[in-house]
Amino acid sequence: MSEPVSIRVVHGYDAAREALRRKGGLESLELSEGARLGIQRIFGEALSAEQVVDRIIADVRKRGDDALLHYSREIDRVDLDRIEVPKSEWRTAFDTIQADLREAMILAAAQIRSFHEKQKRTSWIDFGSEGALGQIVRPLERIGVYAPGGTAVYPSSLLMTAVPGRVAGVEEIVVASPPGPNGISPLIMAAAHVADVDRVIQVGGAQAIAALAYGTETVPRVDKIFGPGNIFVVLAKRQVFGQVAIDQLPGPTETVVVADSSADPRLTAADMLAQAEHDGMASAILITTSERLALLVQTELAFQVARLEREPIARESLATNGVIAIVPTVDAAIELSNLYAPEHLCLLLKNPWDAVPLVKHAGGIFVGEGSPEALGDYTAGPSHVMPTGGTARFFSPINVGDFTKVISRADANDRALNRLGPATIALARAEGLGGHARAIELRLERVVPD
């Protein structure tokens, strides 16, 4: 008999709303005992995550490559003889991984490319009797992509970020990923080859973010940093924002499964565990109208979790952040989901498409039992880098627009000056900006009235 899982079960809308209430932002995340011991060993004193990031960024700005090599020794326990990995090694890594994995990466990249090709924005200009107005869309010149490679290696995240960047026309893509005992992961190098990036830097953590933001002797300064990471990476991204742009501040991953009595409890449990196995701080949440489904899912969770390679992590996630909520209606379930604003929303409903128009906030919607979130993580096409922590209220998944910027264009003629000039002068005078007003008045003196 399988050992039961520990997961919070609540009944009713009000209890579910309280159970799904967000507990706080990055500052509420506690460091593990291992992380605290590591900080004491490296810095000789107890520091908060924010203090660690402050020190690392300042050190990288001051000492450049020497600081990167130092933190690789101290944090990653790797004594590097170089920071950048040559392209020839990416190709070798690609050639030596299993053939089915090579084919999977190529397929995933093709799916991602095809989806994001449809998102391209174009420059436009509108000519009229008063001149022309428009915008110029330009790709960013250089971006940094952070690819986690510590306790878990995610080549899929590299593909999901770098390929849309290539579609957008970014000129140079620099990947940073932490080295293992034998250097950077062959899976990361193989994905870099498939995504056709330009440079790979074997540096991780806050030091990688600092290097990408400020530049070192080896690492070029980028315009924007993308990609998920641990608490130190996320805090570093927040600190360097303004020096460079960032995509978002991704926290622990999360999924909400909305299900009715028609849902298969095996698939429901499997979708929850697919999220829980990521991280002990991940959130796997079921909101259902069926008491019977809730009971069956608990049984399935106990049965399936015991067969996972990452069973301890999944159990920790369910016990810490897992919720099963039983509510009266599907409408109430969707309303709760909107309040939570999940990264992933799975609709395991008899008529899932009826619920889609009700969804206001979610990073991605996975409609029906045939569209598991796990498919979206790898090969469906949309980027799996999605907003977490409730930021789906205002953030979007990674898309082509994130890799471009817009330059506005105005080309006014005398007719425009005649019509718009007086209003411009009035507004400028009201704000006390006489120089603005005078710049218009001088031109109007030369303009022949209509």
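Read-outs: derived from the displayed coordinates by stated rules, not from any lab. Everything quoted here is computed from the prediction, not taken from an experiment. Here the Cβ positions follow ideal geometry from the backbone for every residue, glycine too, while neighbour counts run over all protein chains shown.
Details
- Interchain or long-range residues, amide H under 5 Å from ALA245's placed H: LYS224, ILE225
- Highest-MSF residue in the chain out of ALA269, ALA333, ALA428 [GNM, Cα springs under 10 Å]: ALA428
- Helical mean residue ellipticity (222 nm; -39500 (n - 2.57) per DSSP H run of 4+; nearest 500) of the chain: -14000 deg cm²/dmol
- For segment 1-136, the gyration tensor built on C-alpha atoms gives a rounded shape. Its axis ratio a/c (a ≥ b ≥ c) stays under 1.5.
- Candidates GLY381, GLY180, GLY44: whichever shows maximal mean-square fluctuation once the chain is modelled as a Gaussian network with Cα springs under 10 Å: GLY44
- Listed by chain and number, the lysines whose alpha-carbon sits under 28 Å from that of LYS118, ignoring those within fewer than 8 places in the same chain, are LYS224, LYS360, LYS405.
- Options SER396, ALA270, SER408, ranked by Cα towards positive dipole end of the chain, top entry (Cβ charges): SER408
- GluC sites (Glu not before Pro) restricted to DSSP loop in segment 36-101 with at most 10 other C-beta within 10 Å: GLU45
- Considering only VAL356, VAL153, VAL367, the Gaussian network model of the chain with Cα springs below 10 Å gives its largest mean-square fluctuation to VAL356.
- Exposed loop sites here are trypsin sites (Lys or Arg not before Pro) assigned a DSSP state other than H, G, I, E or B and surrounded by at most 15 other beta carbons within 10 Å; excluding them, the longest clear run of the chain is 122-220.
- Both radii were evaluated on the Cα set of the chain; the Rg over Rh quotient, with Rh as the Kirkwood radius, amounts to 1.05.
- Qualifying aspartates and glutamates (Cα of each under 18 Å from Cα of LYS87; at least 8 residues distant if same chain): ASP95, GLU171, GLU172, ASP196, ASP198
- The GluC sites (Glu not before Pro) of segment 232-330 meeting both criteria, a DSSP state outside H, G, I, E and B (loop) and at most 16 other C-beta atoms within 10 angstrom of the site's C-beta, are GLU309.
- Added length on full extension, which subtracts the Cα-Cα distance from 0.36 nm per residue, ALA152 to ASP264: 37.3 nm
- Cleavage-rule hits (GluC sites (Glu not before Pro)) in segment 353-450: DSSP loop, at most 15 neighbouring Cβ within 10 angstrom: GLU431, GLU445
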